[in-house]
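Asks: This is the structure I have questions about; it appears just below.
Read-outs: derived from the displayed coordinates by stated rules, not from any lab. All values reported here derive from a predicted model rather than from experimental measurement. Counting neighbours? That spans all protein chains shown, and the Cβs are built from the backbone with ideal geometry, glycine included.
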Amino acid sequence: MTIDPAAYFNNLREKIEVLIKDTKELINQKSINPSSMNLDKLRNELLDLNAMATNKIQKDAVLQLKKEIGVLDERVENIYLKRESGKKHDGNIAFKCTWNDEKYTAPCSEAAYNSNLVEGRSWCSNKLSKCRTYTGEVTLDNNPCYESIALKEMYFSAGWDVSGEVGKYRKIHPAKANRLAILTTRRPYTDEKDRMIVGILYIDQIIDDTETKIFGDKGKSIAIDYSEIHLRFWDYYKNPNAEDSIFWGTGMFKYLSNDTVLTMLRDIGKKFNRTGIDAKIVNQLINHYEHLNA
């Protein structure tokens, strides 16, 4: 029996709509862990629905559902932020980076760019983004996106919200010098639980003139080859008051304790030693954090 593509599209759309309704009720009850799991399901099913969309009506339906899921993401993120407000932070941060298959030293490939579009990465789809027409070597002052220079220049930024008509700069007030900024990402079409650590910036300087800009010390920062070293971010980080919840949401960064960073560094050191990678810088960072925690 031949399956009508339009009927299949409508069935999946209705399934997503029901799951959105259920998730709204869970968020109203502040049931964060099941809400987070539902949001992961919604994002995956929306990718499937987007792949089926062949006409304007279907594509508009996908866009509307994407907006509704984005609103739910923000509501859950706000609950997390309220739980973190007023807490003392150690100055370490973790960034949510868009996927880059050039190991964060150059603009990504066409395949990576297209997958980022499908997953709704805001800067990739923004009309101001010029990455597909960019030529030449990327530098700190000349680049199409932060991901293209992150591990070449050991630099990242809080960026700015490009979802509205007017961009709003983001700030990271608790970030401190002589602490770490952890760069994380997900491969295309993978679950949030598979988010991996791809780099560590030893924060040398913070500039807060517009968005918060993080400059890493190149002599103390580390690029992690994710094709050889597999480090899952969620093996270390736990959401406040919802430790079983694997959820990042719409925010671009999270705050890490010194204890969490030290555990992470010790595991990186072990993996470097096992694979024959020079662990000198890692060991120096471990000593630094052991001193901080003393």
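Asks: Measure off 7 Å from each Cα along the Cα-to-Cβ vector at residue 235 and residue 54, then give the distance between these two points in nanometres to one decimal.
Replies: Taking the two extended label points, one gets 4.4 nm.
Asks: Using a cut-off of under 19 Å, list every residue of the range 22-59 whose amide N is near the label point 7 Å from the Cα of residue 6 along the Cα-to-beta-carbon line.
Replies: Counting backbone N atoms under 19 Å from the label point, the list is 49-59.
Asks: Take the alpha carbon atoms of the range 1-33, find their center, do the same for the range 252-294, and report the distance between the two centers in whole angstrom.
Replies: Here the two parts' Cα centres lie 42 Å apart.
Asks: Provide 95, 156 in ascending order of the number of other Cβ atoms located within 10 Å of each residue's Cβ, fewest first.
Replies: Final ranking by Cβ density, sparse to dense: 95, 156.
Asks: A further question follows. Gap in Å between the Cα centre of the range 168-238 and the Cα centre of the range 71-136?
Replies: That distance is 11 Å.
Asks: Direction-averaged shadow area of the convex hull around the Cα atoms of the range 17-137, nm²? Can you show the working numbers first?
Replies: Details: hull surface 41.5 nm².
Mean shadow area of the hull around the Cα atoms is 10.4 nm².
Asks: Of 176/220; 130/152; 171/280; 24/254, which ones are farther than 27 Å apart at the Cα? Intermediate values should be presented prior to the final figure.
Replies: On the way: 176/220 15 Å; 130/152 19 Å; 171/280 32 Å; 24/254 24 Å.
Pairs exceeding 27 Å: 171/280.
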